[in-house]
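The structure appears right after this line, and notes come after that.
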Amino acid sequence: MNTVDSETVFYGKALLQNMSKNKKEQENYLDYIPKHNSLFPFEKNENNRIEVMVHNKGLMNRIAQMIFRRPKYSRIELDDFGSFIWEQIDGEKTIYGICDLIKAQFGEEAEPLYERATTFFQILRRNSFIVYMNKK
């Protein structure tokens, strides 16, 4: 049975549990500090949204570029919510701090705030668009 002291704060799915060799550690996902991965350049488009550029490399992508005239870079356009978050990522703010800014900008439209934000950050991390400055 997993016991947690009364001072631990849970924000939806924000508390991640990592298994180490002999003990269970708990990390609050909202304490992570995200930073853009320099391998993925980005820019603002004419719709004032962020576009992240992904280099299409590898043999299959190279063949598709030659035969089907596929671009060397794919552009991933973020929505308004994602673009706002992307602009807040600076390598200094925690996810919790960014969530406060989201709430101030979008209000009730952002709810359920912590679940949406943590899911978005997990997607960004899974695709290597961001790295965490303080993750073990």
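The values are calculated or read from the model by the stated rules, or taken from the named source; none is laboratory data. These numbers were taken from a predicted model, which means no experiment stands behind them. When we count neighbours, we look across all protein chains shown, and the Cβ atoms used for this are built from the backbone with ideal geometry, even at glycine.
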> If TYR32 satisfies every condition in (1) modelled with pLDDT under 90; (2) surrounded by 14 or more Cβ atoms within 10 Å (Cβ to Cβ); (3) of a type in the set (Ser, Thr, Tyr) but one, which is the exception?
Replying inline: (1)
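So which residues in segment 122-134 are out of contact with any helix residue (DSSP H, G or I) (no Cβ under 6 Å at 6 or more places or on another chain), surrounded by 13 or more Cβ atoms within 10 Å (Cβ to Cβ) and outside any helix (DSSP H, G or I)? If you could, list the steps in order and put the result at the bottom.
Start the filter on segment 122-134 by keeping residues that are out of contact with any helix residue (DSSP H, G or I) (no Cβ under 6 Å at 6 or more places or on another chain), which leaves 122-129, 131-134.
Then keep just the ones that are surrounded by 13 or more Cβ atoms within 10 Å (Cβ to Cβ); that gives 122, 124-125, 127, 129, 131-132.
Matches in segment 122-134: ASN127, PHE129, VAL131, TYR132.
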> Within segment 64-86, is there a residue that is assigned to a loop (DSSP other than H, G, I, E, B) and among the aliphatic types (A, V, I, L, M)?
Replying inline: yes
>> I'd like the residue in segment 39-93 that is of a type in the set (Gly, Ala, Ser) and more than 14 Å from the chain's Cα centre (by Cα) and, out of all such residues, is nearest to ARG126 (Cα to Cα).
In response: SER74
>> Just to check your reading of the model, which residue among GLU92, GLU46 is outside any helix (DSSP H, G or I) and without any contact (Cβ under 8 Å) to a residue 12 or more places away in the chain?
In response: GLU46
>> Checking ASP100 against (1) touching a residue at least 60 places away in the same chain (Cβ under 8 Å); (2) outside any loop (DSSP other than H, G, I, E, B): exactly one of these is not met. Which one?
In response: (1)
> Which of the residues that make up segment 104-121 are in contact (Cβ under 8 Å) with a residue 24 or more places away in the chain, in a helix (DSSP H, G or I) and exposed (fewer than 14 other Cβ atoms within 10 Å of the Cβ)?
Replying inline: GLU115, THR119
